1. Using 0.36 nm per residue, how much length does the chain from residue 224 to residue 142 gain when fully extended, once their Cα-Cα distance is taken away?
2. If we count other beta carbons within 10 Å of each Cβ, what is the order of 266, 44, fewest first?
3. Just need the relative contact order of the chain here, percent rounded to a whole number, with Cα pairs under 8 Å and 6+ apart.
4. Assuming 0.36 nm per residue, please report the length gained on full extension of the stretch residue 47 to residue 116 beyond their Cα-Cα distance.
5. Run the helix sum for the chain: -39,500 (n - 2.57) per DSSP H stretch of 4+ residues, divided by residue count, reported at 222 nm to the nearest 500 deg cm²/dmol.
6. Show me the three semi-axes of the equivalent ellipsoid for region 179-272, from the C-alpha gyration tensor (sqrt of 5 times each eigenvalue), largest first, rounded to whole Å.
7. Using a Gaussian network model on the chain with a 10 Å cutoff between Cα atoms, which of 141, 93, 180 fluctuates the most?
8. How high is the relative contact order of region 138-272, given as a whole-number percent (alpha carbon pairs under 8 Å, six or more residues apart)?
């Protein structure tokens, strides 16, 4: 793969990511993930120039992720992640107390468990007494309109499975593959592209993980367990799913899966 091709793919992704950022992150703000919430809170602290710099870095990193089968590309990804100023600032910020303390940045299962456990509440109070700021506990109203822990109902796997089968019905071909550990692969077709949507409901604190895999006989463009959020590097899965937002979130999941496939097909077209 030539450097020019990689530049072309980076430009394609930069245009897509910049549109989302300049619009105020309308799609990302709907993703029920504490990792995404942390990212959006961090992004809100950036100047326009800093945000654009981070978008450009994500675009370059995302472009290379479509070519992970190439050893040279994997080496360049490691080098970029270790040296890029915008990525380093992003990583340092999310590891800081401001973006790691506070119930806002805990998944809903963990949030509910902590608030109903006396020892956890006491430990949290002692830790907070040593801080020089007040951690955020408010969940985003778009995801959790009623923050009262007594009313919080994290969505469970049976409900999510039912909604996925309903919402993806016309995309799935009916073929399923189950792996040890609980992952299920749903085979489907979108815009003439065959894909497998991998779903897992098992994970420490997570309610759902997903990833799209698309075969490529030419072995030029790699899409393996690729989630749309991987372009923004926010976290390992979804942990802000409630019974109330579950259906809207599963519709969003379909939108994100379709977006991954569209972007991959655009990359294929650029490589032709």
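1. That works out to 26.5 nm of additional length.
2. The fewest-first ordering by Cβ neighbours comes to 44, 266.
3. Working: 341 pairs, mean separation 60.3, N = 272.
Taking the mean separation of contacting Cα pairs over the length of the chain, I get 22 percent.
4. Working: separation 69, 0.36 × 69 = 24.84 nm, distance 3.89 nm.
Taking 0.36 nm per residue and subtracting the Cα distance, the gain is 21.0 nm.
5. Result for the chain, helices only: -15000 deg cm²/dmol.
6. Equivalent ellipsoid of region 179-272: 25, 14, 12 Å, largest first.
7. 180
8. 22 percent
A short reminder: the numbers here are calculations on the coordinates, not readings from a lab. Because the structure is a prediction, the values reported are computed rather than measured. Heads up, the Cβs are rebuilt from the backbone with ideal geometry, glycines too, and the neighbour counts pull from every protein chain shown.
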